[in-house]
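Undergrad: The structure under discussion is supplied below as structure tokens; questions concerning it will follow.
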Amino acid sequence: MLVSNTEGFVAALRAQSDRYHSRHPFHTAMNEGLLDRRQIQGWVANRFYYQENIPRKDAAILANCPDREVRRRWIRRIHDHDGTAEEEGGIEAWLRLGEAAGLTREEMWDERHVVPGVRFAVDAYVNFARTRPWVEAVASSLTELFAPDLMAERLKAFERFYTWIDPAGLAYFRARLTQAPRDVEHALEVVTEHCRTQDEQARAVAALSFKGDVLWSMLDAIDRAYPGSDRQGNG
Ligand code: AHQ
């Protein structure tokens, strides 16, 4: 059994940044202030389907994970999104982002704006967590290695270019600036602890690559459904 080194493994995970959706034309247009109101609303309404499914993805990992120590920490992710008696949580914060962008809570919950490509990608992610070995599902969450830079860039762009959105609606992204690095620290501990052989490490990198495709294809579908006036919707 060939045991591969941890540094090389983590470097291979980090190399997936090349495929992260921060580089997608829809996100670069967003961060350059090029999106119009309808495009922002379409993105918020479609991303809500992703957000409301994250707790179910994480619950699938908990259900498959035999390790109490991992579960005790992993369950925080569900609280971060569903909220608790003390905290409203990320799903509520995303609904407020939608209201700040001119959407109603009802049209976010009833998924009327969710396009097929977004539904397929999100459902594929939840089913991945349900059916793959739990450590591979943990590895797939490591796209968040690259999320803080994107959140910071997005916050700057919204505050500068999309001033028609009440800045209070951006609270969701501010929360991710601290939650994502905490989540990543735990997920990296799990995968470096459990993925020792070259085969295990290759499957973890493949899981992260799959998740990169999930996020990328969501934006392909949103970009196609909400083309800009200056761009003919081909990304
Ligand atoms: O808001 C995001 C979030 O709660 C999560 C959970 C995590 C996971 O478990 O896969 N991934 C993730 C992401 C969130 N926001 C995305 C964004 O661009 O706003 C980034 C996405 C990720 O990097 O996986």
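Undergrad: Lys/Arg Cβ at +1, Asp/Glu Cβ at -1, dipole of region 85-235 taken about the Cα centre: which of 137, 228, 170 is farthest positive-ward?
TA: Most positive-ward Cα: 228.
Undergrad: Assuming R0 = 41 Å, can you tell me the calculated FRET efficiency for the pair residue 105 and residue 28, based on Cβ-Cβ distance, to the nearest 0.05?
TA: Computed FRET efficiency for residue 105 and residue 28 comes out at 0.90.
Undergrad: Which of the GluC sites (Glu not before Pro) found in region 2-78 are loop residues per DSSP with 13 or fewer other Cβ atoms within 10 Å of their Cβ?
TA: 32
Undergrad: Which of the chymotrypsin sites (Phe, Trp or Tyr not before Pro) across region 164-202 are loop residues per DSSP, with 16 or fewer other Cβ within 10 Å?
TA: Working: sites: 164, 172, 173; in loops: 164.
When the chymotrypsin sites (Phe, Trp or Tyr not before Pro) of region 164-202 are filtered for loop state and at most 16 Cβ neighbours within 10 Å, 164 remain.
Undergrad: Another question, if that's okay. Would you mind putting 117-124, 103-110, 90-97 in packing order, based on average other-beta-carbon counts within 10 Å, highest first?
TA: With the highest mean Cβ count within 10 Å placed first, the list reads 90-97, 117-124, 103-110.
Undergrad: Would you work out the charge dipole size for the chain about its Cα centre, treating the Cβ of every Lys and Arg as +1 and the Cβ of every Asp and Glu as -1, and quote it to the nearest 20 debye?
TA: So the dipole magnitude of the chain works out to roughly 240 debye.
Undergrad: Moving to a separate point now. Can you give the angle from 0 to 90° between the axis of helix 90-100 and the longest principal axis of the chain, with both taken from C-alpha atoms, to the nearest 10?
TA: Roughly 20 degrees, rounded to the nearest 10.
Undergrad: Here's something else I'd like to know. Can you pull out the trypsin sites (Lys or Arg not before Pro) in region 139-235 that DSSP calls coil and that have at most 16 other Cβ atoms within 10 Å?
TA: Qualifying residues, ordered by number: 196, 231.
Undergrad: Give me D for the chain in µm² s⁻¹, whole number, from Stokes-Einstein with Rh from the Kirkwood sum over alpha-carbon pairs, 4 °C and 1.567 mPa s.
TA: 71 µm²/s
Undergrad: In degrees from 0 to 90, rounded to the nearest 10, what is the angle of the helix 37-64 Cα long axis to the longest principal axis of the chain?
TA: Compared with the principal axis, the helix lies near 20 degrees.
Undergrad: Oh, and also: With no solvent and one point per C-alpha, what does the Debye sum give as log10 I(q)/I(0) for region 1-110 at q = 0.10 Å⁻¹?
TA: So the normalised log intensities are -0.46.
Undergrad: Okay, moving on. What angle, in degrees between 0 and 90 and rounded to the nearest 10, separates the Cα long axis of helix 116-131 from the longest principal axis of the Cα atoms of the chain?
TA: That helix lies at roughly 20 degrees to the long axis.
Undergrad: Just the Cα atoms of region 55-195, one point each, no solvent: what log10 I(q)/I(0) does Debye give at q = 0.11, 0.16, 0.17, 0.21 Å⁻¹?
TA: One equal scatterer on each Cα of region 55-195 leads to -0.47, -0.99, -1.10, -1.43.
Readers should treat all values here as calculations from the given coordinates under stated rules, not as data from a laboratory. Since the structure is predicted, the reported quantities are computational estimates derived from the model, not experimental observations. All Cβ positions, glycine included, derive from the backbone under ideal geometry; neighbour counts span all protein chains shown.
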